[in-house]
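Participant: Before I ask anything, here is the structure I am working with.
The values are calculated or read from the model by the stated rules, or taken from the named source; none is laboratory data. Since we're looking at a predicted model, the values are computed, not measured. For neighbour counting, all protein chains shown are included, and Cβ atoms are generated from backbone atoms with ideal geometry for every residue, glycine included. Heavy atoms of the whole protein, side chains included, go into the accessibility calculation; ligands, DNA and RNA do not. Shrake-Rupley method; radii C 1.70, N 1.55, O 1.52, S 1.80 Å.
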Amino acid sequence: MNYGNLRPLGSLGKPWGHRGEVALRLEGASFGELQDLGVLFVELDGSRVPFFVAHFREHPRIGAVVKFEDIDDPQ
């Protein structure tokens with residue numbers, strides 16, 4: 001896969017709540033830019049792994065909270 005058109009949006013933080021949401025600290029992106037994204041690539045051990053997005057919520061302190069499909073608990 002060609003990753004050349006990917007750009008960093010921010011960093012994932014701690015789990016948020018009990019439903020599998022995760023804090024997303026936006027760096028170099030605005031919340032409005034997230035609305036049409038269906039997938040986020042997360043760099044894990046040097047590889048880019050796709051995570052499919054169920055929804056985003058704006059958060060005033062951290063930027064956003066993201067819920068990924070098929071992840072329904074904090075673990």
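Participant: Looking at the stretch 1-16, which of its residues are of a type in the set (Phe, Trp, Tyr) and outside any loop (DSSP other than H, G, I, E, B)?
Facilitator: The answer is TRP16, and nothing else.
Participant: I would also like to ask the following. Looking at the stretch 21-51 only, could you name the residues that are part of a strand (DSSP E or B) and either over 9 Å from the mean Cα position of the chain (by Cα) or farther than 16 Å from TYR3 by Cα (or both)?
Facilitator: Answer for the stretch 21-51, where residues must be part of a strand (DSSP E or B) and either over 9 Å from the mean Cα position of the chain (by Cα) or farther than 16 Å from TYR3 by Cα (or both): GLU21, VAL22, ALA23, LEU24, ARG25, LEU26, GLU43, LEU44, SER47, ARG48, VAL49, PRO50.
Participant: Restricting attention to the stretch 25-42, does a residue exist that is touching a His at 6+ places or on another chain (Cβ under 6 Å), surrounded by 12 or more Cβ atoms within 10 Å (Cβ to Cβ) and of a type in the set (Lys, Arg)?
Facilitator: No.
Participant: So HIS18 passes all but one of these: (1) under 12 Å from the mean Cα position of the chain (by Cα); (2) open to solvent by 80 Å² or more (accessible area, probe 1.4 Å); (3) not charged (D, E, K, R). Which condition number does it fail?
Facilitator: Failing condition for HIS18: (1).
Participant: Please state which one of VAL66, VAL49 is surrounded by 16 or more Cβ atoms within 10 Å (Cβ to Cβ) and among the β-branched types (Val, Ile, Thr).
Facilitator: Checking each option against the conditions leaves just VAL66.
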